[in-house]
Amino acid sequence: ASGTASAPGSTAPASTAPVSATTATPAEAPPSRAGDGCPVTAAALQKVVRLPAGWRIEASSIECSHGWAQAGVTAPTPEQQGDGVVLFAYDAATGAWVDKGQGSSVDCAAFGIPRKAGRDLSVCFYPN
């Protein structure tokens, strides 16, 4: 995706850093393994994401690992499209995903994302 504009007053991600999707999740995900919520569907993430009207989770962009997920979003118009992603954490106690924030290059240590999950999420980096 290119461009950096977002809807006025929106919280939609916008950046110029590239984000690649490596592990897409099918529309109907199989049952979660080991209670970590993975894999997860776009529909499940869309229910909890905080995005302005018209923005949606892009199913083919979802990456999920060890109770953490990232998903790209599709803007209502090409002019609004950025390349950031939304980060989610799975709450095993409630069985629900939680919207943790947005970005395009994320210091995953600052979000509390363990390296075992972060190494599978293309948006993650860890400072030395």
request  = Compute the Cα gyration tensor for the stretch 77-128, then decide on rounded, prolate or oblate, letting a ≥ b ≥ c be the square roots of its eigenvalues: rounded whenever a/c is under 1.5, prolate when a/b is larger than b/c in the other cases, and oblate in all that remain.
outcome  = oblate
message = Need one value: the accessible area of TRP97 in square angstrom, 1.4 angstrom probe, rounded to the nearest 10.
response = 20 Å²
query = By how many nm would the segment from ALA110 to GLU79 lengthen if fully extended, with 0.36 nm per residue of separation less the alpha-carbon distance?
reply = 8.1 nm
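Which length gain, in nm to one decimal place, applies between SER60 and ASP99 when the Cα-Cα distance is subtracted from 0.36 nm times their residue separation? List each step's numbers first, then the result.
Numbers: separation 39, 0.36 × 39 = 14.04 nm, distance 1.83 nm.
Additional length available on full extension: 12.2 nm.
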query = Just the accessible area for ASP36, please: 1.4 Å probe, Å², rounded to the nearest 10?
reply = 20 Å²
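The values are calculated or read from the model by the stated rules, or taken from the named source; none is laboratory data. These numbers were taken from a predicted model, which means no experiment stands behind them. What goes into the accessible areas is simple: the full protein's heavy atoms, side chains included, and nothing from ligands, DNA or RNA. Shrake-Rupley method; radii C 1.70, N 1.55, O 1.52, S 1.80 Å.
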